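Single-structure report; data block below.
The values are calculated or read from the model by the stated rules, or taken from the named source; none is laboratory data. The structure presented is a predicted model; accordingly, all values stated were derived computationally and were not measured. Positions of Cβ are backbone-derived with ideal geometry, glycine not excepted, and every protein chain shown enters the neighbour counts.
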Amino acid sequence: MMRLDNALLSEISPDENDMLLSKLTDNMSVFPNPFSSATTFSFSLPQPEKISIKIFDLIGRLIKPVSETEFSAGHHEIKCDASGWKAGIYVFADACRKLFA
């Protein structure tokens with residue numbers, strides 16, 4: 001599994017954008033990788049945020065939206081069932097949006 005470039009979902013300053021994406025990118029891991037029937041996305045958040053994780057094939061077709069959820073601060077793991085998928089190379093894109101209280 002490879003990572004696509006990150007995208008931010010809200011309109012904030014470029015500096016804050018870089019900071020949030022850096023925090024998510026630095027904390028995101030995918031295991032096992034490579035995988036056959038399932039994989040787990042693991043990440044930690046310093047504050048509550050909405051996280052979007054999507055998996056695409058190499059042509060860019062969306063294979064599965066894994067998460068589009070607001071998470072609390074702390075460590076999280078999301079399991080992705082890939083049973084029935086064709087063998088191949090897949091990429092994931094992750095994005096975060098700072099939650100404004």
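Yes/no matrix, rows are residues, columns are (1) in contact with a Gly (Cβ under 7 Å, 6 or more places away or on another chain); (2) among the small types (G, A, S); (3) farther than 18 Å from F31 by Cβ:
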residue: I51; (1), (2), (3): no, no, no
residue: F56; (1), (2), (3): no, no, yes
residue: I59; (1), (2), (3): no, no, yes
residue: V66; (1), (2), (3): no, no, no
residue: E70; (1), (2), (3): no, no, yes
residue: G74; (1), (2), (3): no, yes, yes
residue: D81; (1), (2), (3): no, no, no
residue: K86; (1), (2), (3): no, no, yes
residue: D94; (1), (2), (3): no, no, no
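Quick one: in the range 7-33, of everything that is modelled with pLDDT under 80 and in a strand (DSSP E or B), which residue is surrounded by the most Cβ atoms within 10 Å (Cβ to Cβ)?
L8
Working only within the range 75-94, note down all residues that are free of Cβ contacts under 8 Å to residues at least 40 places away in the same chain and surrounded by 10 or more Cβ atoms within 10 Å (Cβ to Cβ).
H75, H76, E77, I78, W85
Only one residue in I89, I63 is modelled with pLDDT under 90 and on the phi < 0 side of the Ramachandran plot, so which one is that?
On the way: I63 fails: modelled with pLDDT under 90.
When all the criteria are applied, what remains is I89.
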